[in-house]
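The values are calculated or read from the model by the stated rules, or taken from the named source; none is laboratory data. Given the structure is predicted, the values throughout are model-derived calculations rather than measurements. Positions of Cβ are generated from backbone atoms using ideal geometry, with glycine treated the same way; all protein chains shown enter the neighbour counts. Areas reflect the complete protein model, heavy atoms only, side chains present, ligands, DNA and RNA absent. Shrake-Rupley method; radii C 1.70, N 1.55, O 1.52, S 1.80 Å.
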Amino acid sequence: MDGKGKLKNWIIVSQPWAFPASGSAALMAISYVFYLYKTGTVAESNWLFGIIGLLGAVIFQMSGNLMNEYQDFKHGVDVKEKTGPPRLLVEGVFQPKTIFLYSISVLAVGVAIGIYLTINTGWPLIIIGGFGIISAMLYHKFKYIALGDLLIFVTYGLSIPLGIAFVMTGQLIWTILLVSIPVGLLEVAILHANNTRDIKEDKAAGIKTQAMILGLEGAQVTYQTLLLAAYLLIAILVSVDLLHPITFLTLISFPLAIRNIKKMKMAQHNDFTPIQYLDGQTAKLLLLFVFLLSAANFIAPFV
């Protein structure tokens, strides 16, 4: 029986530890729209559509996680020797066809949500949502030619915030693309940590990732740059009045960023175990960073 009859396996195979990527982008967008609404920059805001949009973003990511699990197994990228989270297809807990159909079914739910929001908002959501479909169904193709990082940044770092802001206000708020960049960088860092850990296995599978092209030392520098740039950009956005100074609350998460950078530097060519769970730890950093940023956006109009 697929999943060995256990509900937890159906949850685990969808990689819920990665959901902060989509959920955080949506939450940040909701909080920023609140800030704009309370400061009079936008005239109206539909909070229910914002919540529905957040749910839709997570569902699209869930579908993408499942499809990537299926494609990595099919192309021999996931092997038993890999470290990191459980790979239930490799372990024989699920049949490949089951995961493929699981992914398509979840995607159908996401598309239904997208159609509902499009009918009630406008056609630009079709274009924005298209990035979600591409990311869910075709991410592996981008990943295998070292373009996965770029697709994740565009999809999670830019299109989700733009889409959430649109369904809430009926406007394309272009400034949110700038405000969302720090979050997008941390989202890319999750993927980069994963790909750095898997350099050897991915090379053996005949695919290319940015981490492979950069090499271990280059990948370590890139990871550090992604994390530090997120905090630097907060300062820049505050200086040009796109964010309120209270968003410096995000600095509370900075020690965790430094800890993660130190772990990345511990990886060696013959030993990647120090970063075995760095993708999950980077996801925790993203969660804390976005929680603080969102809280600051909610508080800012009242201080």
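Would you calculate, for the chain, the mean residue ellipticity at 222 nm contributed by helices, counting each DSSP H stretch of 4 or more residues as -39,500 (n - 2.57) and dividing by all residues, to the nearest 500? It would help to have the intermediate numbers written out before the result.
Working: 13 runs with 206 residues, N = 303.
Computed ellipticity for the chain at 222 nm equals -22500 deg cm²/dmol.
Once the principal axes of the Cα atoms of segment 161-300 are found, what is the range along each, listed largest first in whole angstroms?
49, 31, 22
Taking H as built 1.01 Å from N, whose amide H comes closer than 5 Å to the amide H of Lys208, not counting residues under 5 places away?
Counting only residues 5 or more places away or on other chains, the set is Ile145, Ala146.
Using only Cα atoms, tell me the angle between helix 124-143 and the longest principal axis of the chain; keep it within 0 to 90° and round to the nearest 10.
Around 20 degrees separate the two axes.
Compute the helix-to-body angle for 96-120: its Cα long axis versus the longest principal axis of the chain, expressed 0 to 90° and rounded to tens.
10 degrees
Ignoring ligands, DNA and RNA, please state the percent of accessible area on segment 134-205 from carbon and sulfur, probe 1.4 Å.
Details: 1690 of 2270 Å².
Carbon with sulfur: 74 percent of the solvent-accessible area.
Just to confirm my numbers, what's the Cα centroid distance between segment 229-246 and segment 115-192 in Å?
Centre-to-centre distance over Cα atoms comes out at 21 Å.
Can you list which of the GluC sites (Glu not before Pro) found in segment 27-132 are DSSP loop residues with at most 15 other C-beta atoms within 10 Å? Don't skip to the end; give the middle numbers.
Working: sites: Glu44, Glu69, Glu81, Glu91; in loops: Glu44, Glu81, Glu91.
Sparse-neighbourhood loop GluC sites (Glu not before Pro): Glu44, Glu81, Glu91.
Would you kindly work out the equivalent ellipsoid of segment 217-303 from its C-alpha gyration tensor and give its semi-axes, the square roots of five times the eigenvalues, largest first in whole Å? Don't skip to the end; give the middle numbers.
Numbers: eigenvalues 177, 35, 11 Å².
Each semi-axis is √(5λ); the values are 30, 13, 7 Å.
If you count only protein heavy atoms with a 1.4 Å probe, what accessible area per residue comes out for the chain, rounded to a whole Å²? Before the final figure, lay out the partial values.
Working: 13280 Å² over 303 residues.
For the chain, the solvent-accessible area averages 44 Å² per residue.
Output the 0 to 90 degree angle, nearest 10, between the alpha-carbon long axis of helix 20-38 and the longest principal axis computed from the alpha carbons of the chain.
Its long axis makes an angle of about 0 degrees.
With the convex hull built on the Cα atoms of segment 119-209, state its orientation-averaged projected area in nm².
Working: hull surface 24.3 nm².
Approximately 6.1 nm², given one-decimal rounding.
Give a residue-ordered list of calculated ³J(HN,Hα) values for segment 186-200 (Karplus: 6.51 cos²θ - 1.76 cosθ + 1.60, θ = phi - 60°; whole Hz; x for Gly, Pro).
5, 5, 4, 4, 4, 5, 5, 5, 4, 5, 5, 4, 9, 3, 5
When all C-alpha to C-alpha distances in the chain are sorted into bins of 20 Å, what percent of pairs does each bin hold, rounded to whole numbers?
The percentages, shortest bin first, are 35, 57, 9.
Considering only Ala257, Ala26, Ala205, give the residue with the highest GNM mean-square fluctuation for the chain, with springs between Cα atoms whenever their separation is below 10 Å.
Judging by the Gaussian network model, the answer is Ala205.
Which order do the peptides 119-126, 144-151, 270-277 take when ranked by the mean count of other beta-carbon atoms within 10 Å per residue, highest first? Display every interim value, and only then the final one.
Values: 119-126: 13.6, 144-151: 17.4, 270-277: 15.2.
Ranked from most to least packed, the peptides come out as 144-151, 270-277, 119-126.
Compare the peptides 209-221, 131-143 by average per-residue count of other Cβ atoms within 10 angstrom and give them in order, highest first.
On the way: 209-221: 17.8, 131-143: 19.7.
Ranking the peptides 209-221, 131-143 by packing returns 131-143, 209-221.
Using the Karplus curve 6.51 cos²θ - 1.76 cosθ + 1.60 with θ = phi - 60°, what ³J(HN,Hα) values do you get for each residue of segment 238-251, in whole Hz, with x for Gly and Pro?
After applying 6.51 cos²θ - 1.76 cosθ + 1.60, I find 5, 5, 9, 6, 8, 10, 6, x, 5, 5, 5, 4, 4, 5 Hz.
For segment 262-303, what ratio Rg/Rh do Cα atoms give with a Kirkwood hydrodynamic radius?
Over the Cα atoms of segment 262-303, Rg/Rh equals 1.30.
Within the set of other residues whose C-beta is less than 15 Å from the C-beta of Leu186, count the net charge using Lys and Arg as +1 and Asp and Glu as -1. If you can, show how the numbers build up before the last one.
Working: positive: Arg259, Lys284; negative: Asp149, Glu187, Asp279.
Taking every Cβ under 15 Å from that of Leu186, the sum is -1.
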